[in-house]
Amino acid sequence: MANRIQAIRGMNDVLPAEDPLWTTLACTAAQVFGMYGYQRIRLPIMERTGLFERAVGEVTDIVEKEMYTFEDRGGDSLSLRPEGTAGTVRAAIEHGLLHNSTPRLWYSGPMFRYERPQKGRYRQFHQFGIEAFGQTGPDVDIEQIAIAARLFRELGITGLTLQINTLGTPAERAAWREALHAYFSAHFEALDEDSRQRLERNPLRILDSKNPAMAGLLAEAPTLRNHLGEESAAHFSQLRAGLEALEIPYEINTRLVRGLDYYTRTVFEWITADLGAQDAVCSGGRYDGLVAQLGGRDTPATGFALGVERLIALMQAQQVPLLAVGPQVYLIHAGDHAPQQVPALAEALRDGVPGLRLQVNAGGGSFKAQFKRADRSGAALALVFGDDEAAAGVMQIKPMAGQGKQEQVELTRLSQRVAALLDGAPAGACTQHG
Ligand code: HAM
């Protein structure tokens, strides 16, 4: 037998059994983002490599070690997107979306990072992200945090902790960077190998270290607070007051520096204790300099991205209610004449009950075999159509689970009866929990 080709390490198939989780998250996210005036933007999954170098930062793990970069046949260096913010900003500038306008955008899709795969960390993973342009005030930061909080609430996810921090302006951060550089240089002997490498290039990122041996050193490291200007300090205190007014609990984590270089002032992460080391399910913040840095007019901006796989794992662990996505009705048919009528009948039923998810048995089989398939499909109702029913112009309706008796209805009343049995008109997967 020929060798089987397997999926690429760190890149997962999502099988139909998991689809209710993904669909529930996708529908809920789209709905919640819409509730706050965000519009969807769809972006390519590849960009010129230079975009990410300039946006995410050349001295970041993402750009240095994790990008899927290659030359296309024309010799251009392209990269699979490791995140969505850079592409969103590029598109907003390129299409003039920022001219006299302050768009609020959301996107979703796969992102790619060549990381060491482990639980909650993959090489292809998915994000839902939002980005708001043109507002300097903390009200947008506060509202975006409220959006995430609402999304978690609507999904039924509990137990998340919100951590916030401020990274100040680039000038404030530069002063802090110098203080950190001086401090860590003075304690060079206590630095691990990774941190020594970061010292000259990006000492802030030493604060990201999870090495327990360095915990004491990091706890004593200088914080940004002493270098924070009046405006940045006010922005942060207004952020805190806003969250308190909305009764959204938070912790201040002065070591939250994020792995991307574009942030200014507000940064935040929602973390969970339930997923092990990969604990951030939603991260973001303000990036007031990025639009100008990528060639646009100076435009403040702020946003976040949710890690879909991590949220799905939480939804699974917490057994949140899911949208129904499988068939609601399974149509069983057999006989000499009945099957020929079935396609038209099924189309009429789909017309008559908008959004109905109806699966018609294919491939024949005895009534008994078809009932087994109906049962496995998860449908709430089986419809049975044989030669006797065809001759009489009727359909048998059999509830699959629980109580409810089998009944016979005229074909002319079939849609009405099915709708009633399914508790009103069943809508599409994105509007109904079940
Ligand atoms: P990020 O923190 O790099 O931020 O990623 C956002 C989220 O994506 C993380 O909180 C995590 O849930 C998920 N994530 C990241 N890497 C992986 C991975 N290898 N496997 C599974 N999940 C992962 C950004 O990407 C920014 N663009 C967020 C942003 C938007 N900031 C402003 N606007």
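The values are calculated or read from the model by the stated rules, or taken from the named source; none is laboratory data. Everything quoted here is computed from the prediction, not taken from an experiment. Don't worry about glycine lacking a Cβ; one is built from the backbone with ideal geometry, like all the others, and counts go over all protein chains shown.
On inspection, residue 232 fails the criterion of being exposed (fewer than 13 other Cβ atoms within 10 Å of the Cβ), closer than 25 Å to residue 262 by Cβ and of a type in the set (S, T, N, Q). Counting only helices (runs of 4 or more DSSP H) that sit completely within region 288-355, those holding 2 or more residues that are within 16 Å of the ligand (Cβ to nearest atom) correspond to 290-293, 308-317. Residues that are touching a residue at least 24 places away in the same chain (Cβ under 8 Å) and charged (D, E, K, R) within region 17-57 comprise 18, 19, 40, 42, 47, 48, 54, listed in sequence order. Mind listing whichever residues of region 113-131 are assigned to a strand (DSSP E or B) and either within 28 Å of residue 93 (Cβ to Cβ) or more than 7 Å from the ligand (Cβ to nearest atom) (or both)? Once the filter is applied, which keeps residues that are assigned to a strand (DSSP E or B) and either within 28 Å of residue 93 (Cβ to Cβ) or more than 7 Å from the ligand (Cβ to nearest atom) (or both), region 113-131 yields 118, 124, 125, 126, 127, 128, 129, 130, 131.
Please work out if residue 90 is surrounded by fewer than 19 Cβ atoms within 10 Å (Cβ to Cβ) and within 24 Å of the chain's Cα centre (by Cα). The answer is no for residue 90. The residue pairs whose first member lies in region 328-357 and is at pLDDT below 95, whose second member is part of a loop (DSSP other than H, G, I, E, B) and surrounded by fewer than 14 Cβ atoms within 10 Å (Cβ to Cβ), and whose beta carbons are closer than 8 Å, counting only pairs six or more residues apart or on different chains, are 354/427; 355/427; 355/428. Taken over region 244-270, the criterion of being surrounded by fewer than 18 Cβ atoms within 10 Å (Cβ to Cβ), out of contact with any helix residue (DSSP H, G or I) (no Cβ under 9 Å at 6 or more places or on another chain) and closer than 20 Å to residue 228 by Cα is satisfied by 251, 253. For region 367-406, which residues satisfy the criterion of being closer than 20 Å to residue 348 by Cα and part of a strand (DSSP E or B)? Residues satisfying the conditions are 381, 382, 383, 384, 385, 394, 395, 396, 397, 398. Tell me, which residue of region 260-270 that is part of a loop (DSSP other than H, G, I, E, B) and more than 8 Å from the ligand (Cβ to nearest atom) is farthest from residue 243 (Cα to Cα)? Result: 261. If the condition is being basic (Lys, Arg) and either at pLDDT 90 or above or part of a helix (DSSP H, G or I) (or both), then region 196-222 contributes 196, 198, 201, 205. Here residue 84 clears all of (1) more than 16 Å from residue 126 (Cα to Cα); (2) of a type in the set (Gly, Ala, Ser); (3) touching a residue at least 24 places away in the same chain (Cβ under 8 Å) except the condition numbered (1). Inside region 271-285, residues that are near the ligand (Cβ under 8 Å from one of its atoms) and either buried (at least 22 other Cβ atoms within 10 Å of the Cβ) or free of Cβ contacts under 8 Å to residues at least 40 places away in the same chain (or both) make up a count of 6.
Matching residues to (1) within 13 Å of the ligand (Cβ to nearest atom); (2) touching a helix residue (DSSP H, G or I) at 6+ places or on another chain (Cβ under 8 Å); (3) closer than 23 Å to residue 286 by Cα:
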residue: 27; (1), (2), (3): no, no, no
residue: 56; (1), (2), (3): yes, yes, yes
residue: 76; (1), (2), (3): no, no, no
residue: 93; (1), (2), (3): no, yes, yes
residue: 108; (1), (2), (3): yes, yes, yes
residue: 139; (1), (2), (3): no, yes, yes
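Restrict the check to region 226-243 and report whether at least one residue is within 17 Å of residue 170 (Cβ to Cβ) and not in a helix (DSSP H, G or I). Yes; the residues of region 226-243 include at least one that is within 17 Å of residue 170 (Cβ to Cβ) and not in a helix (DSSP H, G or I). Looking at region 210-230, is at least one residue among the acidic types (Asp, Glu), outside the structural domain of residue 84 (by TED's automatic domain parsing) and within 27 Å of residue 67 (Cα to Cα)? No, region 210-230 contains no residue that is among the acidic types (Asp, Glu), outside the structural domain of residue 84 (by TED's automatic domain parsing) and within 27 Å of residue 67 (Cα to Cα). For region 134-186, a residue qualifies if it is assigned to a loop (DSSP other than H, G, I, E, B) and either within 17 Å of the chain's Cα centre (by Cα) or surrounded by fewer than 15 Cβ atoms within 10 Å (Cβ to Cβ) (or both), and the qualifying residues are 137, 156, 157, 158, 159.
Looking across 73, 48, 40, one residue alone is within 20 Å of residue 311 (Cβ to Cβ) and assigned by TED's automatic domain parsing to the domain that holds residue 307. It is 40.
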